[in-house]
Amino acid sequence: MIELLATVFSAAFFLTVIRTSTPLLLATLGGLIADLSGALNVALEGIMLVSCLTAVVVSVYAPWYVAVIAALLAGAFLGSVMAFFHLRLKADIVLVGFAINIFASGATVFALTLATGGDKGSSTNLISKPVPALDLSFLGMVPGVGGLLVRTLSGHSVLSWLAGLLVFVLWYFLYRTSWGLQLRSVGEHPSALEAAGVSANALRGWSLVASGALAGLAGAQLSMFNYVGFTRDMTAGRGFIALGAVLLGARHPVGALLAALLFGMFDALSVVMPGLFNWIPAELIRMIPFVVTIVALILFSYRMKLTSTTFDH
Amino acid sequence: MSEAATTRRWAVLRRETGRALGAAIIALAVAFLIILFSSKTPLQAFATLTTAPITKVRTVGLWIDDVAKLTVAGLAYSLVFQARQFALGVQGQVYVGALAASYIALSPLGQTWCAIPLGIVCAMAGGALWGFLPGIAKARLGANEIVSSLMLNYVAIELANYLIRVDLTTPNSRLLSTAPFPSTAVFPALIPNTRIDIGLIFALTSVVAVWFALYRTSWGLKLRLVGHNSRFAQYAGIKEAFIIVSAMAASGALGGLLGAMFVEGRSFGKLAVSFEGNLAFEGLLIAIVARNRPLAVPVAALFYGYLRQGAQLMSIRTDVPSEIIVIVTAVIILLVASSYSVKPRAMLAAITRSSRPARTHVEAVK
């Protein structure tokens, strides 16, 4: 127990938490935009997976930032496919999302086989590049707290910083711009927006594209920083956990950040625990993020129910 | 039934069949294009995909065995979708059901005549529990059933992996599966020397049972009302919470049955790690193509099971990976779930129409 506490309060664990939270946060922000516009994006999982592979394959031939942009575009493209089938052809968003997930699980393996020349499991014979970590060792010159600043702030992925920035950008967009107001109202009451002369469909379409792009960034972080390379089904349910984080974060960017950090922390625990407690079976440790998501979802729904009944009567 | 109603029914049936076949043809065309660009022997690969399953008795057996399983998976989704609950927990229920059936089969009871009936009952109870959990969370607290059921899938898979490794294998064995079940706990074959076993009978019985429950009982009527118009169902005094929980638990029982059909069926006869091979999620396609109608589920399963078997044979005999079938699945789901039309002109109009939501709103009011 002491070892666990020592690990949890170490700077290395903090780095791990930020690393595991980043893809969750990016995907959660993506889910948040779609959810606010009234379309639950269950395809986060599949979009992340496709972007993971896109990032790996592109980074073999191009610099890392091109690979990140390619992952983002792949995500945005899948978002637009969803928008097309949901908004133009009136398909149910959950079914479209699952078609994308099913497509992603098979198409990534198919494409991986072609790209590696027969390997169905991983991209070990492709030499892909990582996203660089931001080196802030100059902070060590700050008197007194310099060492602490370097240990906690230096060494995070560039995308982690971007994700943190995006929380603020998204908050500003949603609560300080008129487009943000429109986006929030299209999910609540689309006909009011249409009466004001704004196209609800266009707004929903763009938010699905943005949602896909953010999930794409999440995929890039996953396959270019957390693990450099692609393995079959490497997202392992993170897209669905992000969906839970959207609900848990009370559909607010800051809430999304907190929820992603919470789930990221348990994900990080499942990374460090096998080393500390080798008597706990690996399978049970791998279960932790999923069980935590269910428990958090149930507690949150219970709280929501309590508050709504107090206000009703 | 009146004459007009019968005619209308036939018209709907014709339209839906046309749409499903159209979607299948488009999806196969997509598959053909992908094979053309990725394979060295595209024609041979495509021929294997479309004709191989019926060439031998053995492969026909594999096909029909898949059809029985796909049917039960499709029914499990149809049941919850008819209540408009997007519970996607069939995969988890299959694992829990398989675990329950395996514990019975590997216990002393597994060597007696009651191995199969008891195994199936326990598997269905386990699956029903796994369906009940997200159901009660949704009905009592409003917890989103999509997220909770998907999380439970992962929990069930890890649970199965753990129990297989620690509890169910013989010590020190490196195999990721249990010992073969005693012959009393394996389904007897219906047709000798094929994989076709009494699982097929269970599948057909399930079709009739689900149809009867949905269309000939008051529970089914209430369930469909909740799915069709939840507000109306509330005004009519239907206990929505009970319907949601019971629908999800009943669907879970079907998932559990599927688990038992997997491990006790002749194709396995044991419990192995990740045995279901993504079949549980492919049941989603069956339910969507069958429009959640229990009687249409086996027909959809028959067609899809054929393609699925063809794809597996193709990946063995040619250089095209079997994952191509998944791309076909996704295209079919997208087309059937959307309002695409087999008439090209109507389709073009749907794609190119300017989006004017105000008009659709008026249409909705009409």
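Derivation of every value follows stated rules applied to the coordinates shown; laboratory data play no part. Remember, predicted model here, so these are calculated numbers, not experimental data. Backbone-built Cβ (ideal geometry, glycine too); neighbour counts: all protein chains shown.
Among B:Glu158, B:Glu264, B:Glu323, determine the one that fluctuates most according to a GNM of chain B built with springs between C-alpha atoms less than 10 Å apart.
In the Gaussian network model the winner is B:Glu323.
With +1 assigned to the C-beta of every Lys and Arg and -1 to the C-beta of every Asp and Glu, and no other charges, what is the dipole magnitude of the stretch B:57-320 about the Cα centre in debye, to the nearest 20? Mind showing how you got there, number by number?
On the way: 19 positive and 11 negative charges, 115 e Å.
Roughly 560 debye for the stretch B:57-320.
Taking square-rooted eigenvalues a ≥ b ≥ c of the alpha carbon gyration tensor, is the stretch B:109-205 rounded, prolate or oblate, where a/c under 1.5 means rounded and, failing that, a/b exceeding b/c means prolate?
Since a/c reaches 1.5 but b/c is at least a/b, the shape of the stretch B:109-205 is classed as oblate.
Using the count of nearby Cβ atoms within 10 Å as a rough guide to exposure, how do B:Lys138, A:Lys120, A:Lys129 rank from fewest to most?
Ascending number of Cβ neighbours within 10 Å: A:Lys120, A:Lys129, B:Lys138.
For the stretch B:279-338, what is Rg from Cα atoms divided by 2.2 N^0.38 Å, rounded to two decimals?
So the stretch B:279-338 has a normalised radius of gyration of 1.15.
Which part of the stretch A:202-235 falls in the paramagnetic zone of A:Leu73, meaning amide N under 18 Å from the point 7 Å along Cα-to-beta-carbon?
Output list for this probe position: A:209-221.
Quickly work out the A:Thr152-to-B:Val30 label distance, labels modelled 7 Å from Cα along the C-beta direction, and quote it in nm with one decimal.
So the label points at B:Val30 and A:Thr152 sit 4.9 nm apart.
Using only Cα atoms, figure out Rg for the protein assembly as shown and give it as a multiple of 2.2 N^0.38 Å.
Ratio of Cα Rg to 2.2 N^0.38 Å: 0.97.
Take A:Asn278 and B:Leu295, extend 7 Å from each Cα along the Cα→Cβ direction, and tell me the distance between the two endpoints in nm.
It is 6.3 nm.
Which order do B:Arg291, B:Arg140, B:Arg231 fall in if you start with the one that has the fewest other Cβ atoms within 10 Å?
Ascending number of Cβ neighbours within 10 Å: B:Arg231, B:Arg140, B:Arg291.
Give me the dipole magnitude in Debye, nearest 20, for the stretch A:149-281 about the Cα centre, with unit charges on the beta carbon: positive for Lys and Arg, negative for Asp and Glu.
140 debye
Pairs A:Lys305/B:Lys239; A:Lys129/B:Lys40; B:Lys138/B:Lys222; B:Lys138/B:Lys239; B:Lys69/B:Lys270: which are spaced more than 21 Å apart, C-alpha to C-alpha?
With Cα atoms farther than 21 Å apart: A:Lys129/B:Lys40.
How big is the stretch B:57-320 in terms of Cα radius of gyration and Dmax, in angstroms?
18.3, 61
Put +1 on the Cβ of each Lys and Arg and -1 on the Cβ of each Asp and Glu in chain A; which of A:Leu126, A:Leu269, A:Leu174 then has its Cα farthest toward the positive end of the dipole?
A:Leu174
Between B:Arg140 and A:Thr124, what FRET efficiency follows from the Cβ-Cβ distance if R0 is 45 Å, with the result rounded to 0.05?
Computed FRET efficiency for B:Arg140 and A:Thr124: 0.40.
As a test of the formula, what do you get for chain A when each DSSP H run with n ≥ 4 contributes -39,500 (n - 2.57) and the sum is divided by the residue count, at 222 nm and rounded to the nearest 500 deg cm²/dmol?
-24500 deg cm²/dmol
Counting C-alpha atoms alone, how compact is the stretch B:75-115: give Rg to one decimal and Dmax as a whole number, in angstrom.
14.7, 42
To the nearest 20 debye, what charge dipole does the protein assembly as shown have about its Cα centre, counting +1 at the Cβ of each Lys and Arg and -1 at the Cβ of each Asp and Glu?
For this selection, approximately 1700 debye.
Apply the membrane-span-like helix rule to chain A: whole DSSP H runs, Cα extent along the own long axis of at least 24 Å, mean Kyte-Doolittle hydropathy at least -0.5. List the helices found.
Helices passing the filter in chain A: A:11-36, A:44-61, A:64-83, A:93-116, A:158-176, A:200-221, A:253-276, A:282-312.
In a GNM of chain A with a 10 Å cut-off on Cα contacts, which of A:Ser211, A:Ser128, A:Ser301 has the highest mean-square fluctuation?
A:Ser301
Enumerate the calculated ³J(HN,Hα) couplings along the stretch B:96-105 in order (Karplus 6.51 cos²θ - 1.76 cosθ + 1.60, θ = phi - 60°), each rounded to whole Hz, writing x wherever the residue is Gly or Pro.
5, x, 5, 4, 4, 4, 5, 4, 5, 5
Between B:Ala98, B:Ala11, B:Ala179, which gets the highest mean-square fluctuation from a Gaussian network model of chain B, Cα cutoff 10 Å?
Comparing B:Ala98, B:Ala11, B:Ala179 in the GNM, the peak value goes to B:Ala11.
Full-extension gain between B:Trp113 and B:Glu3, please, as 0.36 nm times their residue separation minus the C-alpha to C-alpha distance.
34.5 nm
Of A:Ala55, B:Phe81, B:Leu109, which is farthest on the positive side of the dipole of the protein assembly as shown, counting Cα position, with +1 on Lys and Arg Cβ, -1 on Asp and Glu Cβ, and the Cα centre as origin?
Highest projection toward the positive end goes to B:Phe81.
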